[in-house]
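I have placed the structure first, in the form of structure tokens, so that the comments after it can refer back to it.
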Amino acid sequence: MRRKGILISASLFSIMTFLMSRWFITTRDIPQRIRLAPTPARTPLPTMRQSVTLSSGTYTYHLNLTSFEAEFPQLQSYHCTLIQEPNQEEQGATNQKLLILAVKSHPSTGTRRSELRKTWAKEREIHGYRIKPIFLLGKTDVKGHMEMAKHESRVYGDILQWDMTEGHHNLSLKERCFLEWLYLKSPHVDHIFKVDDDEFVNPGMIVQYITEYGSPDTIHGFHYHRPPVMRHTKYSITKTLYPQEYYPGFVSGGGFLFPGASVSGLYNASLLLPVFPLDDVYFGFLTVAANLTFRHDRRFYVRGLKYDVCRYKEALVVHGINTKLMTRIWQEVQKSECPNVKVTSS
């Protein structure tokens, strides 16, 4: 896998130097990666958004801040303001590692969240890992939806909600603000599994996967290698905003895994890079800037999967599951015996 990095202009370099002198230390064994010095209490770092040129080895990618401010000013200027946040973690003596299931959701889909809490989005322990689900929400203008989210936060303590308006392009703000929240409030997390709320997730298989393939500098998922830029679809991007024909590689936002050790680098990149209006592409740019690598695995079924109990038993995630079917599928997968599939269980 190629190493990645960021080519920094003179002005940006001076800013980075200033930031590092105040908040960061570097390690000799990996000099290109910025490490945060341990601090007793973390506060948000200043945003220093700039035009940048990223390098993934063979290719370079330029992001012009002026163009982003012209087309998507709200993405560049938004400050992460919390409405609800999950119950604080207990800092007692424990050998358990924390795996957060971060579920992108919407205030209106309370019924779906209720169903997920009965299946895979339930706090549990699996082979030394504490599984903690957190639902990531923005806001809407529908009072009933907002009241429902407030009620769920009170009852379950698993809602992380900001005052950004829910919307297709604002999903990138969820990415950025979630990284900030992880950096500030959950520095001890071991891994984070990011998914949508219309998916089947297999926590036991995820724990097994981490044991086999987890590393501090690798993003895992369904990897797209230099995908072409779309100009005429829901995911269209203008040539004025991004004139290049290809993106750097990224993993599908439908389900991916990243280590807690990568949060600092990703968060720092989010303070400097323009916020791209497609969330999985945006995370890909942050990954390049943070000098991380990818690992592709076919068990991230982000394009769906015809139901077969044994294939679901080996899956890490399956996209596009009807809410009414979730409980039945979950129960069948838990009870089934598949001789060629061994899954870590609670």
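The values are calculated or read from the model by the stated rules, or taken from the named source; none is laboratory data. Keep in mind that what you see is a predicted model, and the values were worked out from it rather than measured. Ideal geometry is used to build each Cβ from the backbone, glycine not excepted, and the neighbour counts take in all protein chains shown.
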Next item on the list: Return the residue satisfying two criteria in turn: it lies in the range 166-178 and is touching a strand residue (DSSP E or B) at 6+ places or on another chain (Cβ under 8 Å) and not small (G, A, S), and of such residues it is surrounded by the fewest Cβ atoms within 10 Å (Cβ to Cβ).
Entry: E166
Item checked: Total residues in the range 56-88, condition modelled with pLDDT under 95 and either in contact with a Leu (Cβ under 6 Å, 6 or more places away or on another chain) or loosely packed, with under 14 Cβ neighbours inside 10 Å (or both) -> 4
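Would you point out the residue of the range 304-321, among those that are of a type outside the set (A, V, I, L, M) and in contact (Cβ under 8 Å) with a residue 24 or more places away in the chain, that is farthest from F222 (Cα to Cα)?
Result: C310.
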Next item on the list: Tell me which residues, restricted to the range 140-158, are surrounded by fewer than 17 Cβ atoms within 10 Å (Cβ to Cβ) and either in contact (Cβ under 8 Å) with a residue 12 or more places away in the chain or in a loop (DSSP other than H, G, I, E, B) (or both).
Entry: T140, D141, V142, K150, G157
Check: Quick one: is W181 at pLDDT 95 or above, crowded, with 16+ Cβ neighbours inside 10 Å and touching a helix residue (DSSP H, G or I) at 6+ places or on another chain (Cβ under 6 Å)?
Finding: no
Note to self: Given (1) more than 18 Å from I321 (Cβ to Cβ); (2) of a type in the set (S, T, N, Q); (3) modelled with pLDDT of 95 or more, identify the lone condition not met by N202.
What the structure shows: (1)
Check: Do you know which residues across the range 159-198 are more than 13 Å from A102 (Cα to Cα) and either free of Cβ contacts under 8 Å to residues at least 24 places away in the same chain or of a type in the set (V, I, T) (or both)?
Finding: T165
Notebook entry, point to check: If a residue has to be within 21 Å of the chain's Cα centre (by Cα) and more than 20 Å from L171 (Cα to Cα) to count, how many in the range 125-150 make the cut?
Noted result: 4
Checklist line | All positions within the range 115-154 that are hydroxyl-bearing (S, T, Y) and under 23 Å from K324 (Cβ atoms) | finding: T119
Note to self: Whether any residue in the range 221-244 is at pLDDT below 95 and buried (at least 16 other Cβ atoms within 10 Å of the Cβ) is what I want to check.
What the structure shows: no
Check: In this structure, does V201 turn out to be touching a Phe, Trp or Tyr at 6+ places or on another chain (Cβ under 7 Å), surrounded by 22 or more Cβ atoms within 10 Å (Cβ to Cβ) and either under 28 Å from L305 (Cβ atoms) or hydrophobic (A, V, I, L, M, F, W, C) (or both)?
Finding: yes
